[in-house]
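As structure tokens, the structure follows; a few thoughts come after it.
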Amino acid sequence: MKLFLKIMLWIVSLLFVAAIMIVLAGWMVSKPGYDGPVSDHFNGTTFENPGNIPSKDFFDIMKWYFQRDQGEWVEIEENEVTFAPKPADNVTDGMMITYVNHSTFLIQTAGVNILTDPVWSDRVSPVSFAGPKRFRPAGVKFEDLPPIDLVIISHNHYDHLDIETLKKLEKLYQPRFISPLGVAQLLENSGIKNTLDLDWWDEQAIDSDITVHSVQAQHFSARGLFDRDKTLWSGYVIETPAGNIYFAGDTGYGDFFKEIGQRHPDITVGLIPIGAYKPRWFMKPMHVNPEEAIQVHKDVGAEISFGMHFGTFPLADDGMKDPENDFSKAIRKPENQGVNFKLLTEGDSFRIH
């Protein structure tokens, strides 16, 4: 009996120490939050999704974690993919959009090179030895990038704000960084200098040809355990001479997409997420599924859209091929006949003249 009690005491002590270490690690990776005036989506401490959007708490996260039923993922080696040819340093005629993978696109137009949510790391995590790993190589090698002028960041999650990649871009090119409210502080603390935060519906001219508009998204933010929703999440409309681009970032579905289409009635290209949507009881408020992604395309009135946020990092319970398969089923429905929405393979480029 005494031995049993000693063992139980040892186990409880070990669990207690482990819990303390997790909390301490969560505190260490948590980042400073936004400090600014109250608005319809900022209560003075945290940001909120307007409307009656259910928020998932710690117990929901634990329920999902212990009930996970993740689909199959198979790692693809570099020798199994065809990398994009080295992009031209400048595109002045029309627009070239190259899909790197996940939510990373290289947009080249009017002599300006733009990256969205650039991620070249092998894992999207606060540590290099654990967390979601890359299952597909980036379609453009980092060393093949043209000089980058502008980086657009949708929010602070590790699969969208990869600080190691951003620091490399800063060192090589010193680009301008556009991010949602509160995120610039994290970038500046990491040695990134030319930063600007935008609130929803703000805009910033990059030069005489290109203006970036921040637009609403439905999501959340966090880098650690103690900075939940301390910074904003956003989508963007990039206004260019060759056509306007809607970059949705990471988002659940809402009526605000129609407002984006009304405020920006001339969107040429939509970049819209289709992955990390299972199970729906947990993921629906924060991630659209393929059918909802097609509706987003319709709501914003894009001439053509491309899917993103799928098949690279296992972030939810959908398997590697589930988003592509479910998208294929959804796009074939009668109500979606004629919808100009496509999936690119990493390294594929789309040219607008």
With bins of 10 Å, the percent of all Cα-Cα pairs of region 39-143 per bin from 0 is 11, 26, 27, 25, 11, 0
One finds, for Glu203 and Glu259 with R0 = 25 angstrom and r their Cβ-Cβ distance, a FRET efficiency to the nearest 0.05 of 0.95
Expressed as a percent, the accessible surface of the chain that is carbon or sulfur, using a 1.4 Å probe and the full set of protein chains, is 55 percent
Rounded to the nearest 5, the percent of DSSP beta bridges in the chain running antiparallel is 55 percent
Among [x] 102, 58, 38; [y] 80, 46, 45; [z] 71, 71, 41, the value of Cα extents along the principal axes in Å computed for this structure carries the label [y]
For Phe105, the residues 5 or more places away or on another chain with a placed amide H closer than 5 Å to its own amide H are Val100, Thr116
Note to self: C-alpha centroids of region 282-353 and region 155-220 sit apart, in Å, by 24 Å
For region 218-342, Rg(Cα) over 2.2 N^0.38 Å is 1.06
Simple SL model, points at 7 angstrom along Cα→Cβ for Glu75 and Asp60; separation in nm is 3.3 nm
Length gained, Leu172-Lys133, 0.36 nm per residue minus C-alpha separation, equals 11.5 nm
Computed, not fitted: 222 nm per-residue ellipticity of the chain from DSSP H runs ≥ 4 (each -39500 (n - 2.57)), nearest 500, equal to -7500 deg cm²/dmol
Hull surface over four for the Cα convex hull of region 103-238, reported in nm², is 8.2 nm²
Taking trypsin sites (Lys or Arg not before Pro) in a DSSP loop with at most 13 other Cβ atoms within 10 angstrom as exposed, one finds the longest site-free stretch of the chain at 194-331
Taking GluC sites (Glu not before Pro) as exposed when in a DSSP loop with at most 12 other Cβ atoms inside 10 Å, the chain has its longest clean stretch at 78-353
Of all DSSP beta bridges having both residues in region 160-242, the percent classed as antiparallel (nearest 5) is 65 percent
Label model pair Thr345, Asn43: point-to-point distance (7 angstrom along the Cα→beta-carbon line) in nm is 4.8 nm
Of the residues Pro50, Val151, Met62, the Cα lying farthest along the dipole of the chain towards its positive end, which is defined by charges on the beta carbon of Lys, Arg, Asp and Glu, belongs to Met62
Per the 1/(1 + (r/R0)^6) rule, R0 = 41 Å and r from the Cβ atoms of Phe142 and Glu335, FRET efficiency to 0.05 is 0.50
Toy charge model, Lys and Arg Cβ at +1, Asp and Glu Cβ at -1: the chain dipole around Cα centroid in debye, rounded to 20, equals 1240 debye
The answer for region 254-316, accessible area per residue at 1.4 Å probe in Å², is 30 Å²
Partner lysines whose C-alpha sits under 25 Å from that of Lys284, ignoring same-chain residues fewer than 8 away, are Lys56, Lys63, Lys133, Lys230, Lys258, Lys298, Lys321, Lys329, Lys333, Lys342
Between Asp266 and Leu196, Cβ-based FRET efficiency (R0 22 Å, step 0.05) works out to 0.35
Ordered by number, the chymotrypsin sites (Phe, Trp or Tyr not before Pro) in region 221-323 that occupy a DSSP loop and have at most 16 other Cβ atoms within 10 Å are Phe226
In region 228-323 the DSSP beta bridges are antiparallel at a rate, in percent to nearest 5, of 25 percent
Counting only protein heavy atoms and rolling a 1.4 Å probe, one gets per residue an accessible area for region 79-197 in Å² of 38 Å²
At q = 0.19, 0.24, 0.26 Å⁻¹, the log10 of I(q)/I(0) for region 194-246 from a Debye sum over equal Cα scatterers comes to -0.71, -0.93, -1.01
Per DSSP, the loop-located chymotrypsin sites (Phe, Trp or Tyr not before Pro) within region 92-157 having at most 12 other beta carbons within 10 Å are Phe129
Of the residues Ile178, Ala222, Leu198, the Cα lying farthest along the dipole of region 164-232 towards its positive end, which is defined by charges on the beta carbon of Lys, Arg, Asp and Glu, belongs to Ala222
Note: region 56-118 at 10 °C, 1.306 mPa s; Kirkwood Rh on alpha carbon pairs; Stokes-Einstein D in µm²/s works out to 103 µm²/s
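The values are calculated or read from the model by the stated rules, or taken from the named source; none is laboratory data. Since the model is a prediction, treat every value here as computed from it, not as a measurement. Note that we place each Cβ from the backbone using ideal geometry, even for glycine, and neighbour counts take in every protein chain shown. Calculation scope for accessible area: heavy atoms of the full protein, side chains included, ligands and nucleic acids excluded. Shrake-Rupley method; radii C 1.70, N 1.55, O 1.52, S 1.80 Å.
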